[in-house]
Each structure stands twice: as C-alpha cells, then as structure tokens.
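Presented below is the structure to which this report refers.
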Amino acid sequence: MNQEIERRRTFAIIAHPDAGKTSLTEKLLLFGGQIQVAGAVKSNKIKKTATSDWMDIEKQRGISVTTSVMEFDYHDYKINILDTPGHQDFAEDTFRTLTAVDSVIIVVDGAKGVETQTRKLMEVCRMRNTPVIIFINKMDREAKDPFDLLDEMEEELAINVRPLTWPIESGPRFKGVYNLYEKKLNLFQPSKQVVTEKVEVDIHTEDLDNHIGSPLAQKLRDELELIDGVYPEFDVQAYKRGELAPVFFGSALNNFGVQELLDCFVEIAPSPQPVEAVEREVTPDEPKFTGFVFKITANIDPNHRSCVAFCKVCSGKFTRNTPYLHVRHNKTMRFSSPTQFMAQRKTTVDEAWAGDIIGLPDNGVFKIGDTLTEGENLHFKGLPSFSPEMFKYIENADPMKTKQLNKGIDQLMDEGVAQLFVNQFNGRKIIGTVGQLQFEVIQYRLENEYNAKCRWEPLSLYKACWIESEDPEELEAFKKRKFQYMAKDRDGRDVFLADSGYVLQMAQIDFKNIKFHFTSEF
C-alpha cells in the first residue's frame with residue numbers, strides 16, 4: 001500500500017489567462033504518452049482543440065472554463081494533473097481544486113511577469129502551505145531580464161525562489177537553457193518539433209564557447225556565479241514546507257524545458273499528504289478509505305444527461321462495488337462504474353489509492369464538500385462558496401420548457417458554477433456569480449445541454465451575505481425591516497442582499513447582535 005501511495009503525484013497547474021497553462025498540460029501529456037499530437041490551441045489551421053478543453057464553449061473561445069482532471073504514468077510514477085481555468089470569472093472552481101492537490105505548478109509569461117490572477121491564486125497556496133514550482137514560459141519571445149523576473153516573483157508572490165535552469169538570452173536570440181540541477185546544457189532548435197539535444201559541458205572549459213560562442217559563454221559564467229552568490233542552495237525540505245520555489249525557464253509551445261521540469265518534479269514533489277478534517281487529521285496510509293467531493297460536472301457525455309462527482313481519495317484504497325457511507329445523507333452507497341479521466345475520455349477503474357481522483361456517477365445525491373468513508377463520521381473542511389458580486393434575475397424565456405429549465409439550474413448550481421437565491425419578497429430567482437462570463441456560460445449550457453431558454457434581467461446589488469444571530473428577536477426585527485432584501489440560499493439559510501456598501505455598513509452598525517458572513521462556511 002505504501003508503495004502505491006509513494007508513487008502518486010497529484011498537482012494543479014495554475015496561471016493568469018494566456019500564460020500558456022493549457023499548452024504546458026498538453027506537453028506533459030505528450031511525455032506521458034497519453035496523446036500523440038498536441039492540439040494547437042491558437043491555430044485555426046489545425047482543427048484539433050486542446051485535449052483538456054472539451055466543452056463546446058471552451059473550444060469556441062480558446063479558454064478553459066472548468067477544471068479538467070487527467071492522469072498518466074511517467075517512469076515509475078503515477079501523475080494526476082488538474083488543469084484549472086485561469087480566467088478570474090472561474091476563480092472559485094480553481095480555489096476548490098487547490099484543496100484537492102498536494103503541490104502546484106505556476107506558469108508565468110516571461111514577457112508579462114506576475115499578473116493579478118497569479119497573485120490571488122498564490123495567496124490560496126500560502127494559506128495551505130502548498131509547495132510551488134514556477135515555470136517561466138515563452139522564452140522564445142522577447143522576455144524580461146531573468147534576474148528582474150526572479151526579483152518580481154519574490155516580491156509579488158512573497159516566496160523565496162531558486163532557479164534550477166537558466167536561460168541563455170530570449171526571443172530570436174534564445175539559445176537554450178543551462179540545467180543547474182543536472183549540470184547540462186540544453187540547446188534550443190526552434191524549427192523542429194522534437195525534444196532538444198542535451199550536451200554535458202564543463203562550463204569552465206572552451207567546450208562551452210564552441211556551443212554558444214564566446215561572448216554568451218562568458219555572460220553565462222558570470223550569471224551562474226552571481227546565482228550561486230545571491231540565491232540559497234536548493235533545499236528540498238524548504239520546498240516541501242512551501243517556503244522555497246524552484247524556477248524553470250522554457251517554452252511550452254516548442255516543447256522546450258518541459259521535460260526538465262517533469263523530471264525534477266516527480267523527484268522532489270510530495271506524495272499524497274495528510275488532510276485536515278473537522279474531527280481529526282487523516283493520513284494517506286490509513287487502511288480505511290476516506291474521500292471528499294471537490295467538484296461536480298454535468299454532461300461530460302452530452303448523449304447521456306449524467307453528472308460526475310470528482311472525489312479525491314484521502315486515505316486507504318477505494319474498491320469498486322464496495323459499500324461506502326455517504327456522511328451527509330447517512331446512507332450506504334455502492335459504485336459499480338467509478339471512472340478515471342483523460343479530460344473527456346474515461347475508463348472504469350477497479351481500485352484507486354490515496355492521492356487519486358475518481359469520477360463517481362451522480363444522479364443528484366452529491367454536493368460539493370460531501371464526504372465518503374467506511375463508516376466513520378468525518379467532515380473535510382475548506383470548500384467554501386464566496387460571496388458573489390454580480391446578480392441578475394433569471395427568467396424563463398420559453399414557458400413550455402419550465403421543467404427543463406428548473407432541472408438545468410439545479411444541476412448547474414450543484415456544480416458550483418454560480419449561486420442561486422430566492423427573493424422572499426417576490427419569490428423570484430436570483431443568480432449570483434463572481435464574473436460576467438458565468439452568465440454567458442449558464443445561458444449557453446442551459447440552451448445546449450437542457451434545451452431550455454432563459455433571459456436575464458438586470459439587478460443592481462452590492463453583495464450577498466449570510467446572516468445569523470443568537471438573538472432571535474433582533475433577527476426577526478432585521479428581517480422585517482429589510483423584508484424586500486431578504487432571500488434564502490439553496491440550503492434554506494437566510495441571505496441579506498445589500499444594494500450598496502453604505503446600506504451594509506449601516507445594517508452592521510444598527511444590528512449589533514447579527515453576524516454577517518461573506519463565505520458560506522461558518
């Protein structure tokens with residue numbers, strides 16, 4: 001059992017949109033032998049789209065909308081990748097995914113450096129002390145000075161860095177990278193779609209000059225000396241504690257620098273780690289199975305209206321057709337066809353170990369955050385819904401399709417795409433999201449997957465907050481006074497819809513005994 005858990009590596013790839021996250025995922029799958037041709041995401045000449053973007057709307061826009069899960073074997077390791085959406089409108093999906101991984105690779109665009117979305121995601125990693133590796137992409141285009149980039153990482157992401165490969169120039173002059181970890185020189189050949197040659201070079205001899213020319217060779221020697229002077233030795237333990245981030249340079253699109261990243265990653269990245277539950281800490285080598293659902297996706301297969309709940313195995317071994325306890329319902333369930341994924345292609349699995357992600361067929365019994373165990377009452381924590389910032393009334397545009405619309409809304413809300421509130425004053429349904437793009441995704445998916453049409457009506461609200469109080473009289477008084485702005489969420493909890501920051505502030509001053517929460521986990 002320990003051997004199986006030791007060889008697992010479960011990680012997420014996160015970045016700002018367009019930094020090249022999906023391209024990197026594709027190249028990793030290429031090395032894992034899972035795909036033969038990487039889908040050129042940007043090029044229209046090649047009609048294949050990226051393997052990890054399979055929803056229609058993703059292919060049309062060239063962005064990732066939901067987290068996809070992929071697994072492959074590399075050498076003796078079993079690797080589970082979660083490719084997350086970079087677009088800020090889907091940040092919530094990404095936050096939840098980060099609860100299910102043991103380490104993270106951050107992709108940074110060499111020309112743009114650290115961008116806003118990267119900063120936010122890094123904060124989540126810091127909250128959980130998740131180990132981080134940084135891949136600086138697009139070195140075959142003009143990029144910032146590597147030392148400036150490293151300073152920017154340290155300052156913006158508040159983490160110590162240590163380069164493990166070093167670039168020789170960038171843009172059209174890009175010659176390749178020197179691998180400090182293996183002490184080898186990797187030469188870049190842009191025209192070829194092949195993996196580049198590696199040369200063992202003693203950097204203090206003329207051998208180096210013959211490969212890249214004297215001026216560059218001298219510059220490289222000076223820079224390497226500087227690196228050893230400025231940055232601490234690479235310490236694996238500091239990396240595992242989340243205090244030090246190793247940095248790699250390369251170009252994912254040209255397949256350059258990716259293998260070095262992968263080789264070093266499988267060697268140093270942590271195998272599955274203990275997970276905090278409300279009751280106790282769960283370690284991966286416990287004999288009994290435990291797991292939690294961190295994501296639900298509807299309609300992976302458009303021909304069958306099926307939902308799949310993604311379950312992260314936290315401890316023990318999951319076996320097919322074994323009865324497990326669904327803690328929230330207090331019911332025993334068996335799963336006859338659990339699956340593992342290659343984006344949309346899935347295969348049935350007989351067993352899975354701690355660190356694996358399995359897909360369980362779901363006909364409406366799961367919610368995000370549900371726990372499965374062999375009988376113990378456990379609740380894993382850290383899967384909150386955030387307070388939405390954009391609101392619209394959702395109206396039925398085709399009265400004949402009311403049933404389909406309601407079913408569609410229910411399934412999409414279970415997925416955690418957005419949040420649904422019902423206004424207590426007029427009974428209308430309000431959808432709250434983090435970003436504008438989600439409204440388009442909901443409308444598109446209702447029409448294409450559920451054959452239901454909806455239309456949006458504008459609603460200007462400032463924030464939705466969950467309220468609770470130990471003083472029932474004051475709570476009643478508040479609800480009476482704010483009657484028009486009270487709503488219920490899907491769990492029947494009271495939600496106050498504040499129409500401006502001022503109103504919210506006054507409410508907090510007037511009603512001292514009421515607590516206002518901005519995440520659903522309290």
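The values are calculated or read from the model by the stated rules, or taken from the named source; none is laboratory data. All figures in this text were calculated on a predicted structure; none of them were measured in a lab. Every residue, glycine as well, gets a Cβ built from its backbone with ideal geometry; the counts of neighbours run over all protein chains shown. Only protein heavy atoms, including side chains, enter the accessible area calculation; ligands, DNA and RNA are left aside. Shrake-Rupley method; radii C 1.70, N 1.55, O 1.52, S 1.80 Å.
General remarks:
- Inter-site label distance for Asp491 and Val422 at 7 Å from Cα along Cβ, in nm: 1.7
- Long-range HN-HN contacts of Thr322 with modeled amide H, under 5 Å: Phe335
- Projecting the Cα atoms of Gly257, Cys307, Gly229 onto the dipole axis of region 223-374, where Lys and Arg carry +1 and Asp and Glu carry -1 at the beta carbon, places Cys307 farthest toward the positive end.
- Relative pair counts by distance (%), Cα atoms of region 471-522, 5 Å bins: 4, 17, 31, 31, 15, 2
- Calculated FRET value between Asn160 and Glu470, using beta carbons and R₀ = 45 Å, to 0.05: 0.50
- Amide H contacts under 5 Å for Leu253, placed H, 5+ residues apart: Lys138
- Debye log10 I(q)/I(0) at q = 0.15, 0.28 Å⁻¹ for region 249-293, Cα point scatterers: -0.61, -1.02
- Euclidean distance of C-alpha centroids, region 357-406 and region 212-232, integer Å: 53
- Surface share of carbon and sulfur [accessible, 1.4 angstrom probe, percent] for region 228-289: 49
- Amide H within-cut-off set for Asn160, under 5 Å, with H built and near neighbours excluded: Ala245
- Couplings for region 318-333, taken from phi via the Karplus curve 6.51 cos²θ - 1.76 cosθ + 1.60 with θ = phi - 60°, read 8, 10, 5, 6, 8, x, 10, 8, 8, 4, 5, 8, 6, 10, 8, 10 Hz in order; Gly and Pro are left as x.
- Positive-end residue, region 385-522 charge dipole about Cα centroid, Cβ charges, pick of Ala507, Tyr444, Phe391: Tyr444
- The phi-based Karplus calculation (6.51 cos²θ - 1.76 cosθ + 1.60; θ = phi - 60°) puts the 3J(HN,Hα) values of region 4-18 at 4, 6, 4, 8, 7, 9, 10, 9, 10, 10, 10, 5, 6, x, 6 Hz, whole numbers, x for Gly and Pro.
- Heavy-atom accessible area ranking, 1.4 Å probe, most first, across Asp228, Asp145, Asp76, Asp370: Asp76, Asp228, Asp145, Asp370
- In order along region 348-363, the phi-based Karplus estimate (6.51 cos²θ - 1.76 cosθ + 1.60, θ = phi - 60°) of 3J(HN,Hα) comes to 6, 10, 8, 8, 9, 10, 3, x, 7, 10, 10, x, 10, x, 10, 10 Hz; Gly and Pro are listed as x.
- This model, with +1 at the C-beta of Lys and Arg and -1 at the C-beta of Asp and Glu, gives region 93-134 a dipole about its Cα centre of some 120 debye.
- Of all accessible heavy-atom area on region 134-193, the percent that carbon and sulfur account for (1.4 Å): 45
- Which listed pairs, of Lys184/Lys240; Lys331/Lys488; Lys312/Lys367; Lys401/Lys482; Lys78/Lys367; Lys120/Lys429, have C-alpha distances above 22 Å, in listed order: Lys184/Lys240; Lys331/Lys488; Lys401/Lys482; Lys78/Lys367; Lys120/Lys429
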